[in-house]
1. Scan segment 33-54 and give yes if some residue there is surrounded by 16 or more Cβ atoms within 10 Å (Cβ to Cβ), among the hydrophobic types (A, V, I, L, M, F, W, C), at pLDDT below 95 and out of contact with any helix residue (DSSP H, G or I) (no Cβ under 7 Å at 6 or more places or on another chain), otherwise no.
2. Kindly evaluate residue 94 against the criterion of being within 25 Å of residue 383 (Cα to Cα), touching a helix residue (DSSP H, G or I) at 6+ places or on another chain (Cβ under 8 Å) and at pLDDT 95 or above.
3. Inside segment 204-254, can you point out the residues that are surrounded by fewer than 16 Cβ atoms within 10 Å (Cβ to Cβ), hydrophobic (A, V, I, L, M, F, W, C) and outside any helix (DSSP H, G or I)?
4. Pairs only if they're at least six apart or on different chains, beta carbon under 8 angstrom, first in segment 383-403 and of a type in the set (Ser, Thr, Tyr), second open to solvent by less than 40 Å² (accessible area, probe 1.4 Å) and part of a strand (DSSP E or B); list them, first residue then second.
5. Being in contact with a Pro (Cβ under 9 Å, 6 or more places away or on another chain), of a type outside the set (Phe, Trp, Tyr) and surrounded by fewer than 22 Cβ atoms within 10 Å (Cβ to Cβ) is the requirement here; does residue 191 meet it?
6. Given (1) surrounded by fewer than 21 Cβ atoms within 10 Å (Cβ to Cβ); (2) at pLDDT below 95; (3) within 14 Å of residue 249 (Cβ to Cβ), where does residue 135 come up short, assuming only one miss?
7. Please work out if residue 397 is in a helix (DSSP H, G or I), open to solvent by 10 Å² or more (accessible area, probe 1.4 Å) and over 16 Å from residue 29 (Cβ atoms).
8. Within segment 359-394, track down each residue that is among the basic types (Lys, Arg), farther than 18 Å from residue 273 by Cα and buried (at least 17 other Cβ atoms within 10 Å of the Cβ).
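The values are calculated or read from the model by the stated rules, or taken from the named source; none is laboratory data. On a predicted model such as this, the values are computed, not experimentally measured, just so you know. All Cβ positions, even for glycine, are placed from backbone atoms using ideal geometry, and neighbour counts span all protein chains on display. Heads up: the accessible areas ignore ligands, DNA and RNA and are worked out on the full protein's heavy atoms, side chains in. Shrake-Rupley method; radii C 1.70, N 1.55, O 1.52, S 1.80 Å.
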Amino acid sequence: MDSDRQRLRARLDRATAQLDPPFAVVDLAAFDANAAALVRRADGKPLRVASKSVRSRQLLRRVLAGDGWRGVLAYTLAEANWLVRSGVTDDALVAYPTCDRTALGALTSSEALAGGVTLMVDDPAQLDIVDAVRRPGDRPVVRVCVDLDASWRPFGTDRAHVGVRRSPVHAATTAADLAAVIAGRPGFRLVGLMAYEAQIAGLGDAPARQALRAAAIRVVQRRSYQELLRRRAAAVAAVSRYAELEFVNGGGTGSVAATSADPAVTEVTAGSGLFGPTLFDHYRAWQPQPAALFALPVVRRPAPGIATVLGGGWIASGPAQRDRLPSPWLPGRLRLLGAEGAGEVQTPLVGPDAAGLRVGDRVWFRHAKAGELCEHVTELHLVTGDRLDGAAPTYRGEGFAFL
């Protein structure tokens, strides 16, 4: 492992020798290998790429050009409209409900957008907002998808809730009630159902040095999966009484193989596995190759065993804890100071390799999550072997910050 990291560091340093940090790179060989591995894990079911984990139109196009990938799971309606208008995809499913009246106005007045974008709903109030922005003469039918809560309630009530707080639609009967409302509303067409099992797809089952917690996570995930198999199938059957579904979406990078094995699911979402952030180092089933990294310069040596880099506070979203911090990756024997962590303007590093770093050297970091890296840079430098192969603008680099 150490020799592999040393070779990777040398290769990245050669490829980017003319660049001044901070900057970010994507190793195209690792990126493509991750994309192919995800397709194999999906076992014949199409993969929908999660745009929040990529946030670069050029790289989204690269993924979608490969076999096994079809459509985008967008994170806002404005983003979905942009991706469809610019030809990145003609199939954008918005993962979260929207109250963006400007974006809804664009959607409801354009046949092209309405044909390529699907809204997520879990409450009739979200349909009301769409109707409120329709103008006289707007003719497009709005495509919608029901968001089924995939969390686990081991005791059958909401008081014991394992998973994230998403949709209020948990039971198959509740999904059917919402489907009936949609079917009875002019101007809407129910085309899909989504159930994202975050407690399986987004939670690593092999946390480092936490054997008891790992065992507990695996038990929860196994039981949650079995319960969801039954409930998702029941929900699909119930909703299908009111509409012919084009797709049933589920999963994420951490559950591609398990979710694709569910007969009720027709497509699986993945995205983070393309970049390989550190949160996915703690899964037993599959670990992506680190494909996206960022470089920071060593600017001072405050003590013989400390090397300080400029910046570094690229913190990931989620619970405010250590696993949301970026990780010094190359050279390999470095760590953050517990008292300072990753700082806004400087980050001191310690560890066996800190003593050998000089002012002007680079330290390569990995982000804890995938696409959030792109909110800090305007482009991702593309590396092939030990040379640069162009750059892919990020959303930020193209002037967009959707969230």
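1. no
2. Numbers: within 25 Å of residue 383 (Cα to Cα): no; touching a helix residue (DSSP H, G or I) at 6+ places or on another chain (Cβ under 8 Å): yes; at pLDDT 95 or above: yes.
So residue 94 does not fit the description; no.
3. Correct list: 208 only.
4. 394/380
5. On the way: in contact with a Pro (Cβ under 9 Å, 6 or more places away or on another chain): no; of a type outside the set (Phe, Trp, Tyr): yes; surrounded by fewer than 22 Cβ atoms within 10 Å (Cβ to Cβ): yes.
No.
6. So the condition that residue 135 fails would be (3).
7. Numbers: in a helix (DSSP H, G or I): yes; open to solvent by 10 Å² or more (accessible area, probe 1.4 Å): yes; over 16 Å from residue 29 (Cβ atoms): yes.
Yes, satisfied.
8. Our first condition is that a residue be among the basic types (Lys, Arg); within segment 359-394, this holds for 362, 366, 369, 387.
Subset that is farther than 18 Å from residue 273 by Cα: 362, 387.
Of everything in segment 359-394, just one residue is among the basic types (Lys, Arg), farther than 18 Å from residue 273 by Cα and buried (at least 17 other Cβ atoms within 10 Å of the Cβ), namely 362.
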